[in-house]
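Step one of this worksheet: look at the structure below.
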C-alpha cells in the first residue's frame, strides 16, 4: 500500500496571489508542509510579509468598484461556475486534503470538497433573488429606498481542518454581496488553495476579487490590522477569535467569528438504539474528530445508559485506524505531533479527574500522529466534558430521565457550556425531538442525524462559539451595509 505523499508531486506555493497571479519572487521565509501520516515534506509555502499583504489588499481595493457594481445575477452565475470548477477536480482536491490534513479518504470527498461545492451552489441560487434594494413608504409621505451595499474589502482567515469548505463559507456570501476578499489559509494546510485559485480563474471571476496571502499568525495580524480591510471573517479557536474581536473593536471594524464548540447530542429515552448509535459515533469521529461542530458530548438517559454504553463502546472499538489514503480507514492521524500530544494529555487528565476511559485513547502502532478513538464516561463538570479536545474523543454523560419532563436534565446539561455551536436530538418521535431541540442554546440542531449544517441556511454559534452567521441569505447580510435614501 502506498502512503502519502509518495503518490503526489511536491507542491510549492508562493507567499501571495495578487490580482490573478501568484507572486513568484522568492519570499523572505518559507514553511514546509508535512504529511501527518509520514512526516515527509509534501511541499512548501511562502510567508507573506507587510509588502505582500499591502499588495493583496490594494488589489482587492482596486477590484471592489467593478465587482460591487456587477448585477447580483452575474455574481451568482460566477459562484455557480466556481462550484462547477471545483466539482470537476473533486478527486484531486480530496487526495490533496487527505495528504496534507490526514482526513480519511473515505470522508474527504464529501466532507472536504462536496460541502464547499454545495455552499457555492447555494449562493449561486440565492444571490440573484436577494433583496439588495427595496422600497417602503416614508413616515413623512415620501418613499424610502433601502440599499444593501458591499461592506468592502474582507480579510478572511481560514483554519486547517476543513479549509476549502470554510473558504467557500466566506467567499460565497462575500462575493454575493459584492465584496472583494483577501484569504489567509492556515500554514498547516495551504496547498489546495493553489487549486482554488485556478478554479477562480476558470470561473471568470475578475482579477483582484479574490487574493491570497500565506503564512502564520504574524501574517494574520498584518491582515486583521491593515487599514485597507473593512471586515474580518475568522474561523478558528475561541482564544484567537477573542484577540481578533478585540483588535476589530479597537479599530471600529466589522468582524464575524465562527469559533469553538463542545456540542451535545441528546438521546431521548425512546430513541431506537440500532438507528442512533452509528450517528452518534460519526457525529464525533468525522475528520478524525477535528471538527468544530463535532457532537462530542453524548447525553444518555439513565434508564438506558448501560445498553447504550455497551453499544457505543463496541462501535468505537471497531473503527479502523491508520493510513488515511486507504479507503477502509475510519480514523487517520491528527494534524501534527502537538495535536496528538494534546489529545493524549486530555485523556490522561480525565483519568486523574475520575473519568473512565471505556475504550481507546492509546497510541496505536503505525506511521503518523495517531490516537485510537476513545469513549470516556464522565460528568459534565469535568475538563474532558467542558473543553474542546479536537480529536477522536467522545464523552458519555448520564442524565436523569425521571419526572414529567424526562428531557429537562438533558437540556440543562447540554446548555451548561460556554459554547453554543450545534447540537443533535435523537428520538423515535421527530416532532418531540424538534421541540427539545428548540430548547437548546445553540446555532443549529440536527434531529435524528448529524447534519448540523444546511448549505442554504445560516450557520454560527451562540455564546463563545462566535458572532454572526455564514450560509444562506443571512450570510450575505453579514457582508453588507444598509444605506437609506429618503425622498
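The values are calculated or read from the model by the stated rules, or taken from the named source; none is laboratory data. Quick caveat, the model's predicted, so the values are computed rather than measured. As a convention, Cβ positions derive from the backbone with ideal geometry for all residues, glycine included, and neighbour counts pool all protein chains shown.
Key figures for this structure:
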{"read-out": "Pairs where the first residue, in region 52-81, is closer than 16 Å to residue 212 by Cβ and the second is part of a helix (DSSP H, G or I), C-beta under 7 Å, 6+ apart", "value": "53/219; 53/222; 53/223"}
{"read-out": "Given (1) outside any loop (DSSP other than H, G, I, E, B); (2) crowded, with 19+ Cβ neighbours inside 10 Å, index of the condition residue 201 fails", "value": "(2)"}
{"read-out": "Helices (runs of 4 or more DSSP H) enclosed by region 78-172 - at least 2 residues per element that are not assigned by TED's automatic domain parsing to the domain that holds residue 471", "value": "none"}
{"read-out": "Matching residues in region 243-258 - criterion: being in a helix (DSSP H, G or I) and free of Cβ contacts under 8 Å to residues at least 12 places away in the same chain", "value": "243, 246, 249, 250"}
{"read-out": "Lone unmet requirement of (1) touching a strand residue (DSSP E or B) at 6+ places or on another chain (Cβ under 7 Å); (2) assigned to a loop (DSSP other than H, G, I, E, B); (3) surrounded by fewer than 23 Cβ atoms within 10 Å (Cβ to Cβ) for residue 207", "value": "(1)"}
{"read-out": "Within region 342-388, considering residues that are surrounded by 14 or more Cβ atoms within 10 Å (Cβ to Cβ) and under 23 Å from residue 33 (Cα atoms), the one farthest from the chain's Cα centre (by Cα)", "value": "367"}
{"read-out": "Residue within region 125-148 that is out of contact with any strand residue (DSSP E or B) (no Cβ under 9 Å at 6 or more places or on another chain) and modelled with pLDDT under 95 present", "value": "yes"}
{"read-out": "All positions within region 85-100 that are out of contact with any helix residue (DSSP H, G or I) (no Cβ under 8 Å at 6 or more places or on another chain) and surrounded by 17 or more Cβ atoms within 10 Å (Cβ to Cβ)", "value": "99"}
{"read-out": "Selected residue (only one of 301, 278 is within 25 Å of residue 112 (Cβ to Cβ) and more than 18 Å from the chain's Cα centre (by Cα))", "value": "278"}
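Okay, residues lined up against (1) surrounded by fewer than 23 Cβ atoms within 10 Å (Cβ to Cβ); (2) under 16 Å from residue 130 (Cα atoms):
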residue: 449; (1), (2): yes, no
residue: 459; (1), (2): no, no
residue: 466; (1), (2): no, no
residue: 476; (1), (2): no, yes
residue: 479; (1), (2): no, yes
